1. Considering the options LEU690, SER670, GLY358, tell which one lies farthest towards the positive end of the dipole of the chain, charges being +1 on Lys and Arg and -1 on Asp and Glu at the Cβ, about the Cα centre.
2. About its Cα centre, what dipole magnitude does the chain give when the only charges are +1 on Lys and Arg Cβ and -1 on Asp and Glu Cβ, stated in debye to the nearest 20?
3. Please work out the C-alpha center-to-center distance from the stretch 370-386 to the stretch 310-330 and express it in whole Å.
4. The stretch 329-375: D in µm²/s via Stokes-Einstein (Kirkwood Rh, Cα pairs, 4 °C, 1.567 mPa s)?
5. If each residue of separation counts as 0.36 nm, what is the full-extension length gain between SER348 and ASP647 once their alpha-carbon separation is subtracted?
6. May I ask for the equivalent-ellipsoid semi-axes of the stretch 358-445, computed as the square root of five times each C-alpha gyration tensor eigenvalue and listed largest first in whole Å?
7. Ratio of the stretch 46-107's C-alpha Rg to 2.2 N^0.38 Å, to two decimals?
8. For HIS139 and SER84, what is the calculated FRET efficiency with R₀ set at 41 Å and r taken between the beta-carbons, to the nearest 0.05?
Amino acid sequence: MALTNQTSSADQPVGEILSGDPVVQCAPQTSLKDAAALMRARQCSSIIVIESGQPLGIWTERDALKIPLGNPAWRDQIIADYMSAPVRTVDSTTPLSEVSYCFRAERIRHLLVMENNHPKGVVSLTDVVIHQGVEHYLHLRTVGSLVHRDMLRFAENTPLSHVLERMVETGQEAVLVELDDGGHGIFTERDMVRLIAEGAEHGPIGTVATRSLLTVDVDKNLYEAHRFMRRHRIRHCGVSEAGRVVGIIGFLDLLTGIELAYIKELRSALDERDTALTTSQQNLQLAEKVIEASSEGIIITDAHGTIQRVNPAFCKVTGYHKEEAIGNNPSMLQSGRHDADFYKRIWSTLQREGKWRGEIWNRRKNGEIYPELLTITAIKDDQGEVRHYAALFVDITELKENERQIRHLAYHDPLTNLPNRRLFYDRLDLAIAQAHRNQHQLAVLFLDLDRFKRINDILGHAMGDRFLEDVSRRIEDCLREGDTVARTGGDEFVVLLPDIDHFDDAVTVAENIINKFAEPVTLEERSFLVTTSIGIAFYPEDGDDRETLLKHADIAMYRAKQRGRNNFSLFKPSMNEQARRRVMLEHDLREAIANQEIYLHYQPLVDASSHELIGAEALARWKHPTLGAICPDEFIYLAEETGLMDDLGAFVLETVGEDARQFTRPLNLSVNLSAQQFSSQTFLAEIARLQEKITLVGHQLTLEITETALMQDIDQHSRVMRELREKGIQFAIDDFGTGYSSLAYLRRLPLDVLKIDRSFVSEVLRSEDASVIVSATIALAHNLRLKVVAEGVEYPEQAEFLSALACDRLQGYYFGRPVSAQAFTALLD
């Protein structure tokens with residue numbers, strides 16, 4: 001409401017600064033739109049909700065930010081649903097000094113002034129500061145000292161709902177809008193009231209923001225900024241520096257500047273008061289009003305330590321009433337955290353120097369212990385005798401908590417709360433020094449999640465963050481007391497095992513972590529399996545300093561990925577040469593397909609009973625121009641890591657289609673799929689494109705994929721497989737028995753063929769366990785109506801044994817090594 005222009009002292013009753021205008025009010029059933037329109041018409045920042053003559057609550061411009069404009073139903077909602085209640089009130093006789101303290105202590109911006117139990121008006125922080133005659137302090141500070149350089153900025157196409165959420169979260173009154181034409185706009189709490197009053201629709205921020213941003217230079221003082229905003233009738237303006245908009249300053253910021261200067265001068269006055277207390281009791285009485293208005297707690301005792309006076313801030317901080325404190329001793333506040341020597345040192349300093357300042361822990365009336373910054377001054381008379389002690393203190397609980405959080409954030413990852421790289425380095429350096437002194441070993445484990453990017457691609461970064469939090473807890477569960485795990489990058493973790501007796505200790509931890517990752521993570525009712533590859537380096541065998549150990553653990557981790565992921569590897573010096581080779585091959589692989597260095601070989605597939613040639617498995621080969629033949633496991637791994645797997649996979653399928661034209665009879669042609677190909681969001685479209693391009697008339701195409709790859713997202717993979725089966729494509733589970741071998745997924749997935757891994761076939765005649773496993777696998781597959789292929793058959797005895805078990809198809813060197821398409825065609829004649 002409007003206020004008079006009269007200024008007043010700190011003791012003036014708050015009711016005297018109010019004008020006679022009626023309180024802006026409405027009934028609780030008033031619609032949000034009507035309430036906003038009333039506030040806008042009266043040009044005020046709050047409205048009181050009244051029922052039966054009594055205030056129920058208050059609705060302010062800050063509350064307006066919480067209205068969900070994106071939901072059309074808001075227009076049917078009433079003010080009672082969004083008001084703040086109960087409304088904080090003060091009596092009209094309350095001195096301005098107490099009102100000012102209330103604003104600062106309770107962090108509010110409006111108070112309802114009551115007179116004879118009826119609302120008389122609303123007073124704001126602005127009104128109180130101006131009417132205490134401190135506006136001249138605006139000359140003492142520059143705009144640059146208060147500008148919010150880290151304030152919120154949004155592109156003009158940002159949804160209004162998102163802007164409102166961020167304003168509520170951060171408590172900011174206004175935000176910058178970066179316009180597409182390079183200019184700037186502004187959106188404030190008052191703009192939100194305007195939108196509600198106009199019944200505006202939800203849309204991008206650029207359509208509702210004020211698009212012409214007025215600015216003031218960063219070097220102007222706050223008084224000039226205040227005149228600028230008053231002249232243009234605005235409450236916020238931009239701040240420019242060297243022609244660039246660096247932030248926003250508002251009227252509330254000007255008041256903050258006033259308060260900062262006011263508090264500085266107030267503290268100076270308190271210092272002068274302390275000097276005055278040493279000379280005269282009369283000066284103590286003159287400082288009484290300053291003491292009463294102080295936001296810092298004050299205790300005055302006699303020479304024996306008996307409390308004679310406390311101020312309102314003392315009561316607010318400690319919880320004791322003035323009557324409970326006066327006549328008592330300050331020891332009533334002792335927390336028990338300090339011993340007798342601590343207090344003896346305080347009194348010794350007071351007697352020697354006449355002053356003591358430091359941090360101390362005290363206890364509130366409710367038993368809560370809190371930290372405070374305390375200054376005690378001995379006040380002497382003209383003869384130099386101590387007559388009083390004055391203690392001034394500030395509750396620094398919030399400051400201590402902020403310091404603790406800052407220290408924590410400096411050394412911990414904000415997402416997982418694990419130690420960050422900086423803290424890990426400190427602990428590793430310390431562990432190396434201790435290991436050197438005590439002549440023992442330590443281990444560093446470098447962990448990288450396999451194909452974690454797929455989680456972010458499918459579910460977004462928010463779900464990816466939840467996944468990383470789950471992963472962090474799993475790793476911690478596998479560690480011993482005293483071990484450290486840190487997150488050093490997006491999906492990278494490092495583990496320190498500071499005291500181990502043998503290499504096996506680190507291996508055991510690595511195995512436990514890998515086993516822990518075998519449990520799927522459920523996100524949004526979908527199960528995901530992401531494995532990890534681990535590299536291990538030991539002190540002092542693999543390095544005697546931090547950099548060397550971490551580098552070698554990283555190299556070992558890449559070795560684990562080359563071995564198929566989901567395992568661990570120990571560092572060896574030879575890995576350095578392998579690392580250099582890997583860098584070279586990564587580069588050369590990008591040119592290999594275009595240079596026709598990649599080609600296909602076909603390994604025969606025969607009927608187990610007749611040994612008739614019925615198909616072949618297509619196998620990619622790479623003949624490097626200088627290194628010769630490159631192992632398929634090596635370059636396929638590189639293709640996945642470098643993002644070339646889709647290109648390589650498409651090349652293989654297209655080549656199979658071209659080669660099939662020269663095959664003289666119908667065959668079952670198998671092609672291996674990588675997990676990366678199968679998880680690609682464009683996989684179905686790519687297969688459809690290739691089916692149009694290649695010709696497989698008369699031939700059956702079977703796509704092979706490993707157990708581990710299928711388990712990574714079984715629901716999504718099952719859907720893709722069913723769509724492709726409708727197009728005539730069959731699926732085989734490759735290397736069965738080496739992964740999870742779960743009956744549950746065999747039942748859920750639309751499979752056609754099960755391939756028994758060569759590791760079981762090679763032992764089938766020598767190991768009873770292997771023969772039992774193979775026999776059971778064949779029986780299980782047939783019960784599930786699946787065909788069975790045995791890989792790695794190298795001897796006739798193996799073929800006979802497998803045929804006797806009713807295995808359907810055989811593949812291996814006994815029936816033929818992989819050969820070119822031309823040589824394979826000759827086998828068909």
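1. Going by the charge dipole, the pick is GLY358.
2. Computed about the Cα centre, the dipole is about 1720 debye.
3. That distance is 17 Å.
4. Value of D from the Cα-based Kirkwood radius: 114 µm²/s.
5. Between SER348 and ASP647, full extension yields an extra 99.5 nm.
6. For the stretch 358-445, the semi-axes come out at 47, 19, 11 Å.
7. Output field value: 1.40.
8. Computed FRET efficiency for HIS139 and SER84: 0.70.
The values are calculated or read from the model by the stated rules, or taken from the named source; none is laboratory data. None of the values given here were measured: they were computed from a predicted structure. Quick reminder, even Gly has a Cβ in these numbers, built from the backbone with ideal geometry, and neighbours come from all protein chains shown. Note: accessible area is taken over every heavy atom of the protein model, side chains too, but ligands, DNA and RNA are not part of it. Shrake-Rupley method; radii C 1.70, N 1.55, O 1.52, S 1.80 Å.
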